[in-house]
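**Student:** This is the structure I have questions about; it appears just below.
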Amino acid sequence: MSIFESIKMAFSSLFAHKLRSILTMLGIIIGVGSVIAVVAIGQGGEAVLKSMFSGEANTIELMYMPSDEEIEADPSILYEDAFTQTDIDMIESIPEIEKVVSSSTESTNVRYQQESTESMVIGINQAYIDVHGLEIAHGRNLVAADFLGGSRAAIVSEEMKDELFEDGEEKDASELLGTVVYMNNQPIEIVGILEAEDNFFGLSMNSAYIPMNTWQTVFADTAITEVSIKANSADELEIAGEKAAAMLNTFHEKDDAYQILNMEEIADGIGKITRIMTIIISSIAGVSLLVGGIGVMNIMLVSVTERTREIGVRMSLGATRGQILFQFLVEAMTLTLIGGLIGMALGSGTALLVSHFAGWQPLVSLPVIVGGILFSMLIGVVFGLLPANKASRLDPIESLRYE
Amino acid sequence: MIELHNIVKSYLVAGEDLVVLKDIHLTIEQGEFVAIMGPSGSGKSTLMNIIGCLDKPTSGEYHLQKKLVSDYNEKELAGVRNQSIGFVFQQFQLLPRLTALQNVELPMIYAGIGKKERIERAEDALDKVGLKDRMNHLPNELSGGQKQRVAIARSIVNEPSIILADEPTGALDTKTGEQIMDMFTLLNKEGTTVILVTHEAEVASYAERTVFVRDGELTSADEVVGHEALEKLRTKHDSAEQNNERGNFVNLEDVFEETETDDGTKGEEEATH
């Protein structure tokens, strides 16, 4: 008896009990579907998180992190400015470095007439705009002249605009341009309003961007809190970062206080977290598969009992016990395989839908699909074995007499 | 050729040995038409199951075509059932979801015969029992007699040397039963050994030889049924058979054509179960 004959027999007997077959498949459909959806969504999410952390526009961040020994030796080290303009100018001379992006952030009170709000005021250099780009909805961006002259110009976020002006009569956003607000009690003119950020995590901040020189004047502080570098090419990024860190350590006579933020480690960490989450959710889906498998076993046992006479007839016509076993095993496998295929279609569909709405890359990978098919067949074998074995062990004489 | 020596079959029931067959000796030559008769519970079905390789004797030797059956393993026994023996049952035992043609195909599926040849041979077998025009019908669309004819087609499709029929007319009315018995007679004339299990003398009278089983033992005919009565029935069938025969060539289809034209209607009625 060929495999083809067995599969045909399996289909015809599953087709004879359509509703029962579909209900039995449901457990497998849900199980396989959810595993595939979860893995695909998990991988998509991981890719998104990694890209967020591996820095936009191929940049690498420099960190001022004195070691415990250094802090112990000289506690005042913590109060030193992380970076100064001298540092920036120095590392800009490294040949591999294309741009040095620097920014300083201070949380302060921003006031307009009677309204005031607590806000992040970020001082940036021109490279910041070149690298990150600020999406302006109204007005203009900060330009070279603002940075060189330290003009009192600010670009504010949509949120800050709402906070400061919402109570006043509804004004058109463009009419607010040129308005003078007070940041840390210093007058600054609003020249641009940022595009409202609409990202997936809903992280939108009440913030304002001003030129670095202006920031240093407003807060009477020369410290630069964040420095990141952009290399000529992505390949040189790591080397450029290491050179910059080494140069700063030498200049400031530190052992290892200046470091580059190791993206790989962070990416690995994120990978680990998403993997753990995937494992947890997949185990829940696995339980559904287990329950589905038990359902298959249950219905196959019922089927064997119902078809006792058929088994007796087949044996009297010359079917070996092996052929009977194979027939029921193929039937169970066909059941779970069809369930697996439907589950795969639904799971992939769900994953595609979610990634579409989240704006991720859809990640339904071939190994997951192949694995899903093989796994659903394996469930058929595992849970079909007991009923099939029971069928093959029947006594033909008793079976022929079975009513 | 079937040779049974010292065949004993016993079951362990509630801790006690229940002996169903006691020391059976029986030889059936190739081409014989033998009826095994006996009342219910006499052990005749058990004897048939042993001959049909569905059951194994507790002790004793069974030689089928000069080979000791107890030497066969499960797989070889299945092969014997598939190739050498054709079963016909009282309740037809057709698979309800398969058409007549597919039912007849079954033994060939297990023999590993390809689809094209299977369909050809199944059609031939159904043609032989006069049911070619109904081959795509499901069993529940067929009358009792038609079902049994499909079962006979299934039993002969692998060209076995032995046909084992267990009360083949038990679920049929007399007229249909007679047609089925005529069919066995004709198959026997073609050289097939036919072994019939029945408790009806009328049915047994079709056979050339009758073996009686009572309480697990072979006994003489007179104890079970009046010998003279049996002889009388036999001569009656013999003359009927001679009427059917035209020369030496016998065709099963002729039997059915004849009976159906005789009645003017369908020769069988739905059997009651």
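The values are calculated or read from the model by the stated rules, or taken from the named source; none is laboratory data. All values derive from a computational prediction rather than experimental measurement. Neighbour counts run over all protein chains shown; Cβ positions are idealised from the backbone, glycine included. SASA here: full protein model, heavy atoms, side chains in, ligands and nucleic acids out. Shrake-Rupley method; radii C 1.70, N 1.55, O 1.52, S 1.80 Å.
**Student:** Report the net charge of residues surrounding A:Asn125, where surrounding means a beta-carbon distance below 13 angstrom and charges are Lys +1, Arg +1, Asp -1, Glu -1.
**Tutor:** -4
**Student:** Looking at segment A:296-403, which trypsin sites (Lys or Arg not before Pro) are DSSP coil and have at most 13 other C-beta atoms within 10 Å of their C-beta?
**Tutor:** Details: sites: A:Arg307, A:Arg309, A:Arg314, A:Arg321, A:Lys390, A:Arg393, A:Arg401; in loops: A:Arg307, A:Arg393.
Listed in order of number, the matching sites are A:Arg393.
**Student:** Also: Using only Cα positions of segment A:66-256, each an equal point scatterer, no hydration layer, compute I(q)/I(0) via Debye at q = 0.10, 0.19 Å⁻¹ and quote the log10 values to two decimals.
**Tutor:** The Debye formula, applied to the Cα set alone, gives -0.48, -1.27.
**Student:** Let me ask something else about it. To the nearest whole number, what is the average tally of beta carbon atoms from other chains within 10 Å of the beta carbons of peptide A:320-327?
**Tutor:** 3
**Student:** Give the relative contact order (percent, whole number) for chain A; include only Cα pairs under 8 Å separated by 6+ residues. Can you show the working numbers first?
**Tutor:** Numbers: 673 pairs, mean separation 119.8, N = 403.
Result for chain A is 30 percent.
**Student:** Can you give the % of DSSP beta bridges in the protein assembly as shown that are antiparallel, to the nearest 5?
**Tutor:** Values: 55 of 82 bridges.
The antiparallel proportion sits near 65 percent.
**Student:** Over the Cα atoms of the protein assembly as shown, what radius of gyration and what Dmax do you get, in Å?
**Tutor:** 45.3, 137
**Student:** Return one number: the angle in degrees, 0 to 90 and rounded to the nearest 10, between the long axis of the Cα atoms of helix A:366-392 and the longest principal axis of the Cα atoms of chain A.
**Tutor:** 30 degrees
**Student:** With a cap of 15 neighbouring Cβ atoms within 10 Å, and only residues DSSP puts in a loop, list the GluC sites (Glu not before Pro) found in segment A:73-139.
**Tutor:** A:Glu80, A:Glu92, A:Glu135
**Student:** Calculate the mean, over all residues of peptide A:304-317, of how many other protein chain Cβ atoms lie within 10 angstrom of the residue's Cβ.
**Tutor:** Working: counts 0, 0, 0, 2, 0, 4, 6, 0, 3, 10, 7, 6, 15, 19.
Average neighbour count from other chains, rounded to a whole number: 5.
**Student:** I've got another one for you. Compute the FRET efficiency between A:Arg275 and A:Arg111 as 1/(1 + (r/R0)^6), taking r as their Cβ-Cβ distance and R0 = 45 Å, and round to the nearest 0.05.
**Tutor:** That gives a FRET efficiency of 0.40.
**Student:** Now for a different question. Lysines within cross-link reach of A:Lys254: Cα-Cα under 23 Å, excluding same-chain residues under 8 positions apart?
**Tutor:** Of all the lysines, those that pass the test against A:Lys254 - Cα under 23 Å, at least 8 places apart if same chain - are A:Lys243.
**Student:** For the Cα atoms of chain A, what angle does the longest principal axis make with the long axis of helix A:263-306, in degrees from 0 to 90, nearest 10?
**Tutor:** 20 degrees
**Student:** Using the structure shown, select from B:Lys9/B:Lys44; B:Lys56/B:Lys147; B:Lys75/B:Lys116; B:Lys132/B:Lys175 the pairs with a Cα to Cα distance greater than 23 angstrom.
**Tutor:** On the way: B:Lys9/B:Lys44 11 Å; B:Lys56/B:Lys147 29 Å; B:Lys75/B:Lys116 26 Å; B:Lys132/B:Lys175 21 Å.
Violating the 23 Å Cα-Cα cut-off are B:Lys56/B:Lys147; B:Lys75/B:Lys116.
**Student:** Further, regarding this structure: Which one, A:Met160, A:Leu237, A:Thr214, is farthest towards the positive end of the dipole of segment A:66-256 when Lys and Arg carry +1 and Asp and Glu -1 on their Cβ?
**Tutor:** The one lying farthest along the dipole's positive direction is A:Thr214.
**Student:** Relative contact order of segment A:224-374, please, whole-number percent, based on alpha carbon pairs below 8 angstrom and at least 6 residues apart.
**Tutor:** For segment A:224-374, the relative contact order is 12 percent.
**Student:** Something else: Mind listing which trypsin sites (Lys or Arg not before Pro) in segment B:57-125 are in a DSSP loop and have 12 or fewer other Cβ atoms within 10 Å?
**Tutor:** On the way: sites: B:Lys66, B:Lys67, B:Lys75, B:Arg81, B:Arg97, B:Lys115, B:Lys116, B:Arg118, B:Arg121; in loops: B:Lys66, B:Arg97.
Of the trypsin sites (Lys or Arg not before Pro), the ones in loops of segment B:57-125 whose Cβ has at most 12 other Cβ atoms within 10 Å are B:Lys66.
**Student:** What is the gain in length, in nm to one decimal, between A:Ile22 and A:Gln186 on full extension, counting 0.36 nm per residue of separation less the C-alpha to C-alpha distance?
**Tutor:** Working: separation 164, 0.36 × 164 = 59.04 nm, distance 7.17 nm.
Full extension from A:Ile22 to A:Gln186 adds 51.9 nm.
**Student:** Follow-up. Over the whole of B:70-78, what's the average partner chain Cβ count within 10 Å per residue? Rounded to a whole number, please.
**Tutor:** 3
**Student:** Just tell me the longest site-free run in chain A, where the sites are chymotrypsin sites (Phe, Trp or Tyr not before Pro) in a DSSP loop having at most 16 other beta-carbon atoms within 10 Å.
**Tutor:** Free of exposed loop sites, the longest segment is A:202-401.
**Student:** Another question about this same structure. Pull out the extension gain between B:Asp23 and B:Lys75, defined as 0.36 nm times the separation in residues minus the alpha carbon to alpha carbon distance; nm, one decimal.
**Tutor:** Result: 16.0 nm gained on full extension.
**Student:** Something else about it: Carbon and sulfur together cover what percent of the accessible area of the protein assembly as shown at a 1.4 Å probe radius? The partial results should precede the final answer.
**Tutor:** Details: 17760 of 32230 Å².
Carbon and sulfur atoms account for 55 percent of the accessible area of the protein assembly as shown.
**Student:** Follow-up. Given a Förster radius of 60 Å and the C-beta distance between A:Asp74 and A:Ser365 as r, what FRET efficiency does 1/(1 + (r/R0)^6) yield to the nearest 0.05?
**Tutor:** The pair A:Asp74/A:Ser365 has a calculated efficiency of 0.70.
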